[in-house]
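Read-outs: derived from the displayed coordinates by stated rules, not from any lab. The structure presented is a predicted model; accordingly, all values stated were derived computationally and were not measured. All Cβ positions, glycine included, derive from the backbone under ideal geometry; neighbour counts span all protein chains shown.
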Amino acid sequence: MSKSIAVSQQSQQLHNDVQEAVKSIMGATQLKTSDYNRVLRSALAATQKVVTIEIAAGDLTLLKKSGYKLCFAKKVGTADYNVVWQSYDAYLSNNEFSWTPQYQLFASNVFKENVQVKVSTNIVNIGLGQTSTLDEHGLLSPAVTGGPDISMTFVNNYAPIHPGINQLSTGIDGKQVSTPIYVAVDQVVTGNTVLTPVETILVWFEQNVQTSTMFSTSRSKAIEIDLTFDNTAGRLYEGGQWKTV
C-alpha cells in the first residue's frame, strides 16, 4: 500500500469516527447540552495531535535575550507552509502545543508576504467532507455535506479570491483559539477548490513575527514534524539543533 493511500484512509477513518459519535449524540433527543459537549469533546480528543517542544537551558536564555519567538505552521495539501499559525514569546523549557480537526473557512482579497491575514468574507465552521459556497454577493454559505471525505471544498461563485482556513489549537499557554493555517497564495477563479489539511507542522524560532503573518520563504532552522500516523511527538532544541526525544 502506498503512503498516500494509507494517509487518506487514516484521515478518512478519523473523520468517520468523529462523525459517528456526533450522529449518536444527535439521536439522543433527551441528552443534556452539557452531556453533548462532553461526548463531543471526547470524540475530538481521539483525533487530537500533541507536540511537546523542549528547549535546553542555554538555548532558552540565548533565544529569549535575542527576542526570538517560538512559531508553528500547519501544512495544507502540497503547498508550502505560508501562514504563522501561532507565535509565542512566553515559552519555557517545556512547551505543549495541540490541535483538533475543527476548521473554519474564509476568503481574503489579498495574499502579501510579511503581512497578517486580512479576512475579507464572513467565516463559517466547516468539517472534513463538507462544502461551502461563496455566492455572487461574496457571502459564504453554511457548510453542507459534500466533496472528498478528507478535504473541504470551496465553491467560488463570486470572483477571483484567496480561500483560507482557520484551525482550532491549544497553545503553550493553555488557551484555545482558531486562527489561520493557510491562505491560497494565488487567487482561485470561479469553480471548486479542494483544500486538504495535512497532519504535518513546521516549528521554528523567529524574531519580530506575529501570529497569522503570511510568508512565502523558507524558515531558518525549522523542523518539520509529521503526525500523520502518530498522535504525539517530542522535539528538543539544544545547541542550536533539533533532536527527537
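Details
- Ascending count of other beta-carbon atoms within 10 Å, so fewest first, for 92, 105: 92, 105
- Average projected area [Cα convex hull, region 65-137], square nanometres: 7.2 nm²
- The length gained by stretching the chain between residue 224 and residue 241 to full extension, at 0.36 nm per residue less their Cα-Cα distance, is 4.8 nm.
- Sorted largest first, extent of region 154-210 alpha carbons per principal axis (Å): 40, 23, 19
- Dividing the Cα radius of gyration of region 50-244 by its Kirkwood radius returns 1.00 for Rg/Rh.
- Using the Cβ-Cβ distance between residue 139 and residue 48 with R0 set to 30 Å, the FRET efficiency works out to roughly 0.40.
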